[in-house]
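The values are calculated or read from the model by the stated rules, or taken from the named source; none is laboratory data. These figures come from a predicted structure and were not determined experimentally. Please note: Cβ atoms are built from the backbone with ideal geometry, for glycine as well, and neighbour counts cover all protein chains shown.
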Amino acid sequence: MAPTSPPLRGSPEPSGPGDERDRRLLTVAREASLQARLIARDEQALAELVEVATPWLLGVAQAMLSDRDEAEEVVQEALTIVWRRVDLFDQESGRLLPWLLRITRNRAIDRLRSARRHLQKARRLVAHGGLGDPWTSAVEPDESARPGWHVHEAVHAALRSLPEEQREVVRLAYFEGLTHSEIASQLEIPLGTVKTRLRLAFDKLRAGLDSIRDWVL
Amino acid sequence: MTAHDWFIEHRTAFVIRTLPPDEERNFAEHLPGCAECREEVARIERELAWLPMGVAPVSPRPGLTRELVQGALGRSRTSGRWMVPAALAASVALAAGAWIWAVAQVRGFERVVRQEHGRLTQELAMARDTLDIFRQAAMVRHATITMGEKKGGLVIFADERTHRWNVVVYGLPAPDPGHVCQFWFITDNGMVRSVEVKTGVNTPAFLTLGMPNAPGRVMGAALTVEAAGSSSPGPQGAELAHVMM
């Protein structure tokens, strides 16, 4: 199934380079402030982070685990780690939210890779022909106003630019946590083809996402 | 195709975790000895940092964000997964005894389950986070230490992605009374005092350390025996171990 773009109602795309720079500077400062307050154990800062990050973290965890309760548990684990270890986070090596997203995705994969869950998911995929595109969930009317929507749009555009067969392996690999061999089995294609498609797709994605790697929400 | 070509070909797969567990482990074991792969892996991670945002956001159910905040703060949250058995337990109790008594029991049970689940969730998250440092360690360094007749060691697992170390000090007796074992970072700007290490022959010391908040690039670490209460900026006592990264 080819992913389709959600409607871009009220898209917060910048009207010019100056606007984008202003927005980025503002949000970089806000993120730095948020991190400083988290290190200072400001519970209100934690609440602000949770407010902004939770929909995206839940999106990642739920797409991978297909279980809302378990997704909430994974998000809880990730937020707990960040709250307890934020003083060890090196801002130079990356941004706060990507760090949180990576922890969440790794936790989800760890759960998925327990033998029992993996079998369950593989059976579901076979039975239902896939779980659908995680990036085509229903869009709420005010979705475009959600913090981070401009990042989502940029990532979405990069994914949309991939040929359909590459987009499919990216969906299974990155957003549903399957390994090379599981994807080959699921799509009934040779393992080498899976690897080639993934390599081509991620070469394009790395180039496509490079321009936004320093963005913040 | 050389052996290293396989690692070059699978760098992205390692970052996005599509390798099967044995190959993932093989790649992780390769990283400490290959600066080129470490740098490239870090670069790919930075480039793909926002890729998870390709997933559509999911609106949290009412009350969830408050629960998540409370959970992260250590004030346990209720998981929907555990509410079902708790509710079933409530039904059994209601059928068996007086309604008020049962409600009180169920509430108590729910509270206990909630607290225990929250505690275990947090402990599990911390344990996984600590294990991640071992798993992602790009460098592992070991030094043998002899204290009197006892032989022990210092092992450092350096995770360059999160800039944290897991440090294990094992097999060493406690220092003489009035003395402590002191861990130091060696930087290109001098020695930086870190933490005291509680040693014991049969009780290895285990530490997770972030990089010091001091100028200078961390180049290694040292373990010394210092007078208790000393706050000297540099080591004064005998050096037990000196490890360069």
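Looking across region A:71-93 at every residue that is at pLDDT 90 or above and either more than 7 Å from every other protein chain (Cβ to nearest Cβ) or outside any helix (DSSP H, G or I) (or both), the one that is surrounded by the fewest Cβ atoms within 10 Å (Cβ to Cβ) is identified as A:71. Listed by first and then second residue, the pairs with beta-carbon distance under 9 Å, at least 6 apart or on different chains, first residue in region B:11-34 and within 17 Å of residue B:51 (Cβ to Cβ), second among the charged types (D, E, K, R) and not in a helix (DSSP H, G or I), are B:17/A:113. Apart from one condition, residue A:61 fits all of (1) at the interface with chain B (Cβ under 7 Å from one of its Cβ atoms); (2) within 14 Å of the chain's Cα centre (by Cα); (3) of a type outside the set (S, T, N, Q); the exception is (1).
Could you please let me know if residue A:187 is over 19 Å from residue B:21 (Cβ atoms), in the same structural domain as residue A:68 (by TED's automatic domain parsing) and either β-branched (Val, Ile, Thr) or modelled with pLDDT of 75 or more (or both)? Spell out how you get there, then give the answer.
On the way: over 19 Å from residue B:21 (Cβ atoms): yes; in the same structural domain as residue A:68 (by TED's automatic domain parsing): no; either β-branched (Val, Ile, Thr) or modelled with pLDDT of 75 or more (or both): yes.
For residue A:187, the condition - over 19 Å from residue B:21 (Cβ atoms), in the same structural domain as residue A:68 (by TED's automatic domain parsing) and either β-branched (Val, Ile, Thr) or modelled with pLDDT of 75 or more (or both) - is not met.
Only one of the numbered conditions (1) β-branched (Val, Ile, Thr); (2) in the same structural domain as residue A:79 (by TED's automatic domain parsing); (3) modelled with pLDDT under 50 is not met by residue A:4, and that is (2).
Within region B:209-222, residues that are more than 17 Å from residue B:157 (Cα to Cα) sit with their Cβ atoms under 8 Å from residues that are of a type in the set (Phe, Trp, Tyr), at 6+ positions apart or across chains, in these pairs: B:214/B:185. If you go through region B:36-78 and keep only what is of a type in the set (Asp, Glu) and closer than 30 Å to residue A:198 by Cα, you end up with B:36, B:39, B:40, B:45, B:47. For residue B:71, the test of being modelled with pLDDT under 90 and at the interface with chain A (Cβ under 7 Å from one of its Cβ atoms) is failed. Working only within region A:176-209, note down all residues that are in contact with a Lys or Arg (Cβ under 9 Å, 6 or more places away or on another chain) and either part of a loop (DSSP other than H, G, I, E, B) or at the interface with chain B (Cβ under 7 Å from one of its Cβ atoms) (or both). Scanning region A:176-209 gives A:176, A:177, A:178, A:179, A:180, A:189, A:206.
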